[in-house]
1. Give me a count of the residues in region 352-369 that are among the small types (Gly, Ala, Ser) and part of a helix (DSSP H, G or I).
2. I'm trying to understand the selection: among the residues of region 322-338, which are within 15 Å of Met278 (Cα to Cα) and surrounded by fewer than 21 Cβ atoms within 10 Å (Cβ to Cβ)?
3. Quick one: is Val129 within 26 Å of Tyr33 (Cα to Cα) and within 28 Å of the chain's Cα centre (by Cα)?
4. When you check Leu24 against the structure, is it under 30 Å from Ala341 (Cβ atoms), part of a helix (DSSP H, G or I) and aliphatic (A, V, I, L, M), yes or no?
5. Kindly indicate which of Ala80, Ala86, Ala135, Ala152 is crowded, with 22+ Cβ neighbours inside 10 Å, more than 16 Å from ligand 1 (Cβ to nearest atom) and under 30 Å from Lys277 (Cα atoms).
6. Whether any residue in region 51-66 is hydrophobic (A, V, I, L, M, F, W, C), within 16 Å of ligand 1 (Cβ to nearest atom) and either farther than 30 Å from Ile307 by Cβ or in contact with a Gly (Cβ under 7 Å, 6 or more places away or on another chain) (or both) is what I want to check.
7. Going through Glu57, Glu29, Glu22, Glu40 one at a time, which residue ends up being charged (D, E, K, R) and buried (at least 23 other Cβ atoms within 10 Å of the Cβ)?
8. Phe337 passes all but one of (1) under 26 Å from Ile259 (Cα atoms); (2) within 16 Å of ligand 1 (Cβ to nearest atom); (3) in a strand (DSSP E or B); which number fails?
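The values are calculated or read from the model by the stated rules, or taken from the named source; none is laboratory data. Treat the numbers as computed from the prediction; the structure is a model and nothing was measured. Counting neighbours? That spans all protein chains shown, and the Cβs are built from the backbone with ideal geometry, glycine included.
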Amino acid sequence: MSGAPAYYIRTYGCQMNERDSEILAGQLEQLGYRPAAGAEDAQLVIVNTCAVRGSAEEHALGYIGQLKRLKDARPEMTIAVAGCMAQEPETIAWLKRHAPHVDIVFGTHNLHRLPALLEEAQAADEMVVDVWESAGEVVENLPSRRAEGVQAFVNVIYGCDKFCTFCIVPFTRGRERSRRPEDVEAEVRALAREGFQDVTLLGQNVNSYGHDLDPPTDLADLLTRLEPIEGIRWLRYLTSHPRDFSQKLIDTVAASAKISRHIHLPVQSGSSAVLRKMNRKYTREQYLDLVERIRRAIPDAVLTTDIIVGFPGETEEDFLATLSLVETVRYDAAFTFLYSARAGTPAARWEARGPVPDPVKKDRLNRLMARQYAISWEKNQAWVGRREVVLVEGVSKKDPGVLACRSHANKVVLIANEPGVDLVHRFVPVRITGAKTFFLTAERVGEPVSPPRRRVELPVL
Ligand code: SAH
Ligand code: SF4
Ligand code: F3S
C-alpha cells in the first residue's frame, strides 16, 4: 500500500450529483489522494446525498449511520456529507444530533472549497459546516476524475427556476446559471481529445439553457455548435422540461445524425388540474401537442417520462387521465414515483391537510406500472430485426457471459461476451434479435467501428 491517503465517495441521486462527485474526486487526486475500493479502505469518505424523495434521504442517512462503526474503529478517518440534503437546514440539525461522527458538511454550491474544508477539519474539534444558501459565479476549470470509459457528463446549466410545487431541487440547487457556450465547447473538445465519444449535456432543466447569458442563446444552438467536434459520436442531453422544448430544438434533433433521438420528457401527470397545482406550466393538451410535433419530425424518437402518483388532491379521475395519457403517448419507458412530501414546498402543506391515502397511492402506482410495462414490452418488439450501432458499457454484473450495451436512442442492448475479444467501451454494429420489457438482445454483425480505448491511465482533466 502506498502512503497516499485513500478516498471513497458514495453518490446518491441524479447525474448532476454523479458529475459533482467526479469534481470532488478530481480535487482529491490533485491533493494526492488515491481512490479506495470501499469505505473500509478509505481515510476519507464523502457521502454525496440526494433529497428528491424521502426514500433517497433514508438511504443516505442509513449509510451515514453505518459509517459510525468505521469511525469508532479508526477515529483518525474523515467523514464528509455533501450534496442536496446538506442544503436543507433540517439535515444539519439532524446530523449534529444523531451523527456526530460526521466531520464535514458542505453543499452543492461550494464543491471547490473541499481542499480548504479538509484542512479546517484537521484543526477543528467539532463538525465543520460550510453550506452556501446561494451559488456564486460558475467556477470553471475545476479538476475532475471522470468515470472510466468513453462516456462523459458535461454540465451546461446549473439550478432550476421552475418551482414545481412538489420539488426540492430549486431549493437545493439554486437559481439557473448557464455556462458560457465557449466554455462548454472547450470542455467537449478536450474530452474528444481524451477519447470520450458519448457526451451527455446536463441540466435539471437543460432546455432552458442560455436564457440568462449575454447575449442569450439556447440548447439548439449549443448542440449545433458541438456537433462538428471530431471524435464525438453521440450527443445527448438531460432533462427536458416540456414547457421549454422548442420547435427549434425538435428541428435540430431531427436534422442531426449525432444528437440522440431519446427524449426524456417528464410529464408528471396526465390531468391538467393536477398539472396546474404542480405548477408545471403546461396542460395535458399542450403536452400532447408537443409529443405529436416530436413524432411528426422525428418518427423514431424514443420517448420516456417521469410520473408522480398520489399528489395531494389527486382524484381517481385525475389518475385515469394519467393512465389514458400513457396509452396515448406510448412511452418507451416511464419512471413512476409515489408522491413524497418535501419540507418547505407548497405541496407538502397540502399533503399535511389531506393526503391521498397510502393504499390508494400504492394501488395507483401498481396499475400504472403494469400498464407501462406492457407498453414497453410492445414498443421494444418493433426493434427486432433492426441494425444498430451500440456502445458496449461493460460486462453484465449478473452474467459475465453478457455485455451490457446502450443504443444511440438509449435502449439497453445485451450481446454475448465473446471469449478473447475485448469490446468494452467500443461501438459495435449489431442486429436486434429479441425484445423484453427492459432490454433488447442482439448479435454482433461486424467489427467495432471505434478504436480500442485509448485512455489507459486516466488523467485528471
Ligand atoms: N428536473 C427534472 C427532474 C427532477 S427530479 C424535471 O423537471 O423533470 C426527477 C423526478 O423525480 C421528477 O421528474 C419527478 O417525477 C420526481 N420527483 C421530484 N420530486 C418528487 C416528490 N416530491 N415526490 C415524488 N417524486 C418526485
Ligand atoms: Fe424540480 Fe420542476 Fe425544476 Fe424539475 S423543473 S427540477 S421537477 S422544480
Ligand atoms: Fe437528487 Fe439533488 Fe439530483 S435532490 S435528483 S441529487 S439535484
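1. So in region 352-369, the residues among the small types (Gly, Ala, Ser) come out as 352, 354.
After this cut, where a residue has to be part of a helix (DSSP H, G or I) as well, the list is 352.
Here the count works out to 1.
2. Of region 322-338, the ones within 15 Å of Met278 (Cα to Cα) are 322, 337-338.
Within region 322-338, Phe337, Leu338 meet the criteria.
3. Working: within 26 Å of Tyr33 (Cα to Cα): yes; within 28 Å of the chain's Cα centre (by Cα): yes.
So Val129 passes the test.
4. Working: under 30 Å from Ala341 (Cβ atoms): yes; part of a helix (DSSP H, G or I): yes; aliphatic (A, V, I, L, M): yes.
When the stated conditions are applied, Leu24 passes them.
5. Numbers: Ala80 fails: under 30 Å from Lys277 (Cα atoms); Ala135 fails: crowded, with 22+ Cβ neighbours inside 10 Å; Ala152 fails: under 30 Å from Lys277 (Cα atoms).
The conditions single out Ala86.
6. Here is the first cut: in region 51-66, the ones hydrophobic (A, V, I, L, M, F, W, C) are 51-52, 56, 60-61, 64.
Still in the running and within 16 Å of ligand 1 (Cβ to nearest atom): 51-52, 56, 60.
Among the residues that remain, those that are also either farther than 30 Å from Ile307 by Cβ or in contact with a Gly (Cβ under 7 Å, 6 or more places away or on another chain) (or both) are: 52, 56.
Yes, region 51-66 contains a residue that is hydrophobic (A, V, I, L, M, F, W, C), within 16 Å of ligand 1 (Cβ to nearest atom) and either farther than 30 Å from Ile307 by Cβ or in contact with a Gly (Cβ under 7 Å, 6 or more places away or on another chain) (or both).
7. Working: Glu29 fails: buried (at least 23 other Cβ atoms within 10 Å of the Cβ); Glu22 fails: buried (at least 23 other Cβ atoms within 10 Å of the Cβ); Glu40 fails: buried (at least 23 other Cβ atoms within 10 Å of the Cβ).
Only one candidate passes the filter, namely Glu57.
8. Condition not satisfied by Phe337: (1).
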